[in-house]
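Here the structure comes first, spelled out in structure tokens, and everything after it is commentary.
The values are calculated or read from the model by the stated rules, or taken from the named source; none is laboratory data. In this text, all values refer to a predicted model and were calculated from it rather than measured experimentally. Virtual Cβ from ideal backbone geometry, glycine too; neighbours counted across all protein chains shown.
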Amino acid sequence: MQLLDRLALWLGRMTAWCFAAIVLIMVYEVVARYAMNAPTTWAHETSVLLASFAFVFGGAFCMAEGTHMRITLLVENRPGLAQLSEWLSLGVGAIYLGGLTFAAWRMAEKAIWRFSLSGTWDPERSGSTLNSPLPSYLKALLFVGCSLFLLLILRRLLPVRR
């Protein structure tokens, strides 16, 4: 197993724990809001960030594990068609992820490399009550996740000869 596969699998397993954290955060929010009449300002935004973080690396995880979606109806009984279908899906996936990676880089660059008139760093913020800079970090993570997924697809599309 290659380094990229191991990295994607590790990230996928680690980020899967984000969903457990979301459950705990939401339970805390419900208890705080309805039992103690003290709602939080951070629970919703943090939960969205954690879910986004997990989904960003989910595609690469599925590609590394070999569990990404396949349409088997057309290729079940036709082995030649299965290989063509695999190459076609990898090619289309590479084109799509190439564009998405480029767009994610542009969004991350604009969100993170922002400075105020006084010259201090001022990343994009959520605009919520919490007003955290987490959206700018998430855009950077989207670029990392798309890049990893694209590299995994390219590795399968263009196998290295030894």
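Some points to look at:
- Failed condition for Asn37, given (1) surrounded by 13 or more Cβ atoms within 10 Å (Cβ to Cβ); (2) at positive phi: (1)
- Of note, Trp113 satisfies the criterion of being at pLDDT below 90, surrounded by fewer than 18 Cβ atoms within 10 Å (Cβ to Cβ) and within 24 Å of the chain's Cα centre (by Cα).
- Flag if Lys139 is charged (D, E, K, R), in contact with a helix residue (DSSP H, G or I) (Cβ under 6 Å, 6 or more places away or on another chain) and in a helix (DSSP H, G or I): yes
- Residue check for Ala32: at pLDDT 90 or above, assigned to a helix (DSSP H, G or I) and closer than 21 Å to Thr129 by Cα: yes
- Whichever residue in region 35-50 is of a type in the set (S, T, N, Q) and in a loop (DSSP other than H, G, I, E, B) and, among such residues, is farthest from Leu142 (Cα to Cα): Asn37
Let's see how each residue does on (1) among the small types (Gly, Ala, Ser); (2) over 23 Å from Met63 (Cα atoms); (3) in contact with a helix residue (DSSP H, G or I) (Cβ under 7 Å, 6 or more places away or on another chain):
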position	(1), (2), (3)
Leu3	no, no, no
Thr15	no, no, yes
Val30	no, yes, no
Thr41	no, yes, no
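- Residue in region 81-92 that is in contact (Cβ under 8 Å) with a residue 40 or more places away in the chain and loosely packed, with under 13 Cβ neighbours inside 10 Å present: yes
- Search result, residues across region 116-155 that are surrounded by fewer than 17 Cβ atoms within 10 Å (Cβ to Cβ), of a type in the set (D, E, K, R) and closer than 26 Å to Leu4 by Cα: Arg155
- Single residue of region 85-105 satisfying the filter (touching a helix residue (DSSP H, G or I) at 6+ places or on another chain (Cβ under 7 Å), hydrophobic (A, V, I, L, M, F, W, C) and at pLDDT 90 or above) that is nearest to Leu148 (Cα to Cα): Leu97
- Per this entry, Leu117 is counted among residues that are farther than 28 Å from Leu151 by Cα and aliphatic (A, V, I, L, M).
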